[in-house]
């Protein structure tokens, strides 16, 4: 029987994951306007920025200012890959942190020059300290389904990495199809198992739309009991360290699908498209997602 939740939560990742790959610098003022427009559309959980070295991700060089100046609405995550990043984020006033590790050792080595287990060993004391301080910690699990270097990932390896994070006390697992190769059957099976194994931990699904299966994978995850989804307004983003990882699934398309299925998100699709319109002129290329294209095509008729 087709079973769906009444409500779902969208975690908007556009300001960080969506913009990190943009070649041309996006100004701090433009980012703050984008964040404000997304909040105005009803987004209550958002990944604001990341505290990484500007040498590697120059787009995130203004992380401290973004955290300090963004209006405090709902839960706002910052990506913090190491102790230095966590310290800087704390100084800036962050109170929800995201850490990340790839299930694939090869991906992890190419991303942060550490094996998966070395990354976990380094994060263990940091996560424990954050939890002692009462901070919200989100663990982002990269290459949970497929790796651009190793191919298919054994679901048991993904579940085991999630278990290590849960045992460290994280509040949430964000499980990612980093290069967009998962299919709905794989989505359902992995998320059903994760929900069974970790019933007391928040679980989010993070899909890329490389092969245009992200919405189908979200539908499958919904049926497996997941009600939290990462998405990026305009379908922006991708992982700079994962060949073949194109944009994230578009928030406006996810929200439209959920609403048409009777799953409420408290996000206004038209207001979301207006936020995309505000950022589009600052991007390296046009936004061409389904709902945004419909929005643009009907705007002249409504003017």
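Quick look at the values:
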| quantity | calculated |
| --- | --- |
| So residue 89, is it within 26 Å of residue 35 (Cα to Cα) and buried (at least 19 other Cβ atoms within 10 Å of the Cβ) | yes |
| Subset of segment 1-40 [within 17 Å of residue 263 (Cβ to Cβ), surrounded by fewer than 24 Cβ atoms within 10 Å (Cβ to Cβ) and in contact with a helix residue (DSSP H, G or I) (Cβ under 8 Å, 6 or more places away or on another chain)] | 2, 3, 4, 5, 8 |
| Segment 49-81 - residue that is touching a strand residue (DSSP E or B) at 6+ places or on another chain (Cβ under 9 Å), at pLDDT 95 or above and in a loop (DSSP other than H, G, I, E, B) and, of those, nearest to residue 23 (Cα to Cα) | 62 |
| Among residues of segment 131-154, those that are over 15 Å from residue 186 (Cα atoms) and part of a loop (DSSP other than H, G, I, E, B), counted | 6 |
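The values are calculated or read from the model by the stated rules, or taken from the named source; none is laboratory data. Values in this document were obtained by computation on a predicted structure and should not be read as measured data. Cβ atoms come from the backbone with ideal geometry, glycine included; neighbour counts cover every protein chain shown.
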